[in-house]
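Participant: Have a look at this one before I ask anything.
What follows is calculated from the coordinates using simple rules that are stated; it is not laboratory data. In this text, all values refer to a predicted model and were calculated from it rather than measured experimentally. Because the Cβ atoms are built from the backbone with ideal geometry, glycine has one as well, and the counts that use them run over all protein chains shown.
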Amino acid sequence: MLKQGLSRVASLMAGGALLAGPYVAAAQEIDGHYGEIIVTAQRQEQKLQDVPVSVTAFSSEQLRDGNVETVQDIAARTPGLSVSAVDPINTNFAMRGIGSAPGISQNAGGDPSVVVFVDGVYAGRGGTPDLDALDLERVEVLRGPQGTLFGKNAIGGLVQFISRKPSDDPSFAFEATLGNYDKFGASARGNMPITDKIFISTGLAVKRRNGYEFNETTGNDVNNQQLITGRVALRLLPTDTLDIILRADVSDQDQKGNPRHNNCDTSFNGGVHCIGINPDPRVVNAYTDGKIKRTVQSYSAEISLDLPFGTLTSLTALRKVDLEFETAFFSNPVNPPNQIESTDFGQEDNSQFSQELRLSFEAFNGRLTGQTGLYYLKEDNERVQGQIQQFPSPAISGVGRYPQSVNARSIAVFGQLDFEVVPSLTFTAGGRMTWERKSGRFAGFKVDDGPGIPPPLGSAAGYDVTGKEDWKAFTPRVALNWKTTDDILLYASAARGYKSGGFQGLSGTAAGASAPYDPEFAWGYELGAKTEWFDRALRLNVSLFQTDYSDLQISQLVPLCCVVVSNAAKARIRGAEAEFVIRPVRGLQIDGSYAYLDAKFTEYAIPGQNYTGNELPRSPKNKFNIGGHYEVPIGDLSAKLRVDYSWVDDAFFEASNIPQQLWPSHDNLDARLSIAGANNEWELAIWGKNLTDELVPTYVTYFGPFRQILTPYAPPRTYGMTLAFKI
């Protein structure tokens, strides 16, 4: 597959110097098309090449030209980042081998290892936002432990979505998209001044699409999309030193579910449990289509006050998520007496309130800069998850219900100082002290009068218990960076990451439900260089890193029972990453990245199994992408071509590394061709994604007792056209 992929890229380049990869960290083309990207990777505005950390940034123009719609698109263009998904809204990130399994990140008492922020607000639950409606200014991906400056500790890294601030520049943009699978999308965004001190911006996006799969049992398309998102932001500038931004956004999603395709082993038990299963991976045989209903609301107030010695920033936010789901993850056609059905269902009501107060300052004529602050997060999560099991044997059939109610609190004090020791040599020291508490009530019981499911839910009693635990952690960071010339930055850093402990959401016993699992810790070490050559015609950024990881929170599926989480492992992660941008002539940019990852368990043994030496889940050894952007004027018009190719090595979805849970190597080819009017007041684009129609699993569950592999898949080949206007 790799050889075929390289052949495709070579033919494209030979056809006309087309490529220009993931807009990784491209600062600007030789003709200044994109301009310098300013990022806030260290909670202050800096040029991308001046930030001594591993960060990949995408500007709004790059997102548009690359037809980037989802976090999976971002992952394909970012070294070290993998994104899997158990369903269309519950994405699971892994950064340089560090990530949370679905059994941890989706229960009421678990936290993600890679954290998402939207305009500085922690988005712990409810999935990722819709990129179209946010009116994004940029997306930033920070790799490695981020234990000092960001509101909720991110042991693996973080993804930031930053929207455009309302301004005094009136504008309006409208975009409509049509594509295969009856895809329809429309978005409108506007910005206008109300007075010379008050500005408002609004956005609305609608997306509809038929399903990528067909359910033979019900006769319906499944894994469709039906989403509407709206937002409004109000900015007030009462004085020259005071800046107030009020934001609100609401997203509503109501669509069919994503039943698993059943790769049934017909050699087992004469294939009796495989009768009627369609081998076509885009056809499922579930007794129900399932459903996904989600409403996400976010409200925030960001207030910045310039003081004689610095800037004081307050960020207050309220975020609410309501989720209802039903997923047929283990199904065959209804065919008594051999019917086999296993279904997840449930709902979640999550609310979080956060308050951050941050002071940035400088002294000694700018030689000393820094910031310090306080952070508070309160999260209440009510979740009910259930399992329906219908098997030929009554002893293992029935319906179980697992209510979970968790209250979490996190308080932190943090700070970081940058001191210029001598001109161009800067020493950084920072730290964060975090205190966290989680308490909850957890239950498991049978909800029907049938034969029941395995102990303890086989009896009507079940369990109903409570649990509470406190944790605290200090996460320091030290770094040294040397600006040897205007075009070369060298840096070295060591940082500690931390992820909170939690409680089992789907425990098989009362003792397991009430007993917490412990936090994770990681020390990350990195050497890096950010360089530009030949009058900025070549940009090359490289990094070497190692992460020592302890007390990993590992989830294991126990068939016919539950998911068990334990701190069972240690790991060592080593790797290297390189990103490049080449601008050989005006209008042409070629760029890309390569990542090498060696992520192994150094200690992982559970009763009956020893996984020491296995690869960490979702940790491909090799990953690269390459692409290109070419723009040429045609009279008063402008034509652009963008092509992106990526390839990802084999990996595993689970720590056991068994072949049934392999994430096979796969590639992806996207392209977009557009023509725009003078001053870009209109644009017409045709585009295609996954043009080679690669079949890529987004997650794999192996059900050992019946030797069946249950798999949802990424989208097939899609294509369409987009018309956009702006004034």
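Participant: Note down the relative contact order for region 2-726 as a percent, whole number, built from C-alpha pairs under 8 angstrom at least six residues apart.
Facilitator: Computed value for region 2-726: 13 percent relative contact order.
Participant: Taking a threshold of 27 Å on the Cα-Cα distance, which of the pairs K320/K623; K570/K689; K183/K293; K207/K640; K256/K600; K483/K621 fall above it?
Facilitator: K320/K623; K570/K689; K256/K600; K483/K621
Participant: If you average the alpha carbon positions of region 661-724 and of region 147-205, how far apart do those two centres end up, in angstrom?
Facilitator: What the calculation gives is 23 Å, centre to centre.
Participant: Reachable aspartates and glutamates from K378, Cα under 19 Å, same-chain residues fewer than 8 places away excluded?
Facilitator: Excluding near neighbours in sequence, the set is D111, D119, E302, D322, E348, D349, E356, E436, E469, D470.
Participant: Next question. Can you list residues from other chains, or at least 5 along the same chain, whose modelled amide H is less than 5 Å from the amide H of G124?
Facilitator: none
Participant: Right, something else. What spacing in nm lies between the two simple spin-label points modelled at V632 and L480, each 7 Å away from Cα in the Cβ direction?
Facilitator: 5.1 nm
Participant: Toward the positive end of the charge dipole of region 2-726, about the Cα centre and with charges on Cβ (Lys, Arg +1; Asp, Glu -1), which of P79, Y604, V206 goes farthest?
Facilitator: Positive-end residue among those listed: Y604.
Participant: Given the C-alpha centroids of region 50-77 and region 467-503, what is the distance between them in whole angstrom?
Facilitator: 23 Å
Participant: By its C-alpha gyration tensor, with a ≥ b ≥ c as the square roots of the eigenvalues, how is region 483-567 shaped: rounded for a/c under 1.5, else prolate for a/b larger than b/c, else oblate?
Facilitator: Because a/c hits 1.5 or more and a/b exceeds b/c, region 483-567 counts as prolate.
Participant: So, one more: Starting at the first residue of region 416-433, write each ³J(HN,Hα) from the Karplus equation 6.51 cos²θ - 1.76 cosθ + 1.60 with θ = phi - 60°, in whole Hz, x for Gly and Pro.
Facilitator: Whole-Hz 3J(HN,Hα) from phi for region 416-433: 8, 10, 10, 10, 7, 5, 9, x, 6, 10, 10, 9, 10, 9, x, x, 9, 10.
Participant: Using 7 Å Cα-to-Cβ label points, what is the L318/D487 separation (nm, one decimal)?
Facilitator: That separation, rounded to one decimal, is 5.3 nm.
Participant: Related question: Between region 570-591 and region 286-326, how many Å separate their Cα centres?
Facilitator: Using only Cα atoms to place each centre, the spacing works out to 32 Å.
Participant: Given [x] 59, 48, 26; [y] 40, 31, 26; [z] 43, 35, 23, which label gives semi-axes √(5λ) of the Cα gyration tensor in Å as computed from the coordinates?
Facilitator: Among [x] 59, 48, 26; [y] 40, 31, 26; [z] 43, 35, 23, the one calculated here is [y].
Participant: Using unit Cβ charges (K, R positive; D, E negative) and no other charged atoms, how large, in debye to the nearest 20, is the dipole of the chain about its Cα centre?
Facilitator: So the dipole magnitude of the chain works out to roughly 880 debye.
Participant: Compute the longest continuous run of the chain that contains no exposed chymotrypsin sites (Phe, Trp or Tyr not before Pro); treat a site as exposed when its DSSP state is not H, G, I, E or B and it has at most 13 other Cβ atoms within 10 Å.
Facilitator: 1-308
Participant: Charges on Cβ only, +1 for Lys and Arg, -1 for Asp and Glu, centred on the Cα centroid of the chain; of S555, T288, V585, which one is farthest towards the dipole's positive end?
Facilitator: S555
Participant: For the chain, what is the mean residue ellipticity at 222 nm derived from helices alone (per DSSP H run of n ≥ 4: -39500 (n - 2.57); sum divided by total residues; nearest 500 deg cm²/dmol)?
Facilitator: It lands at -1000 deg cm²/dmol.
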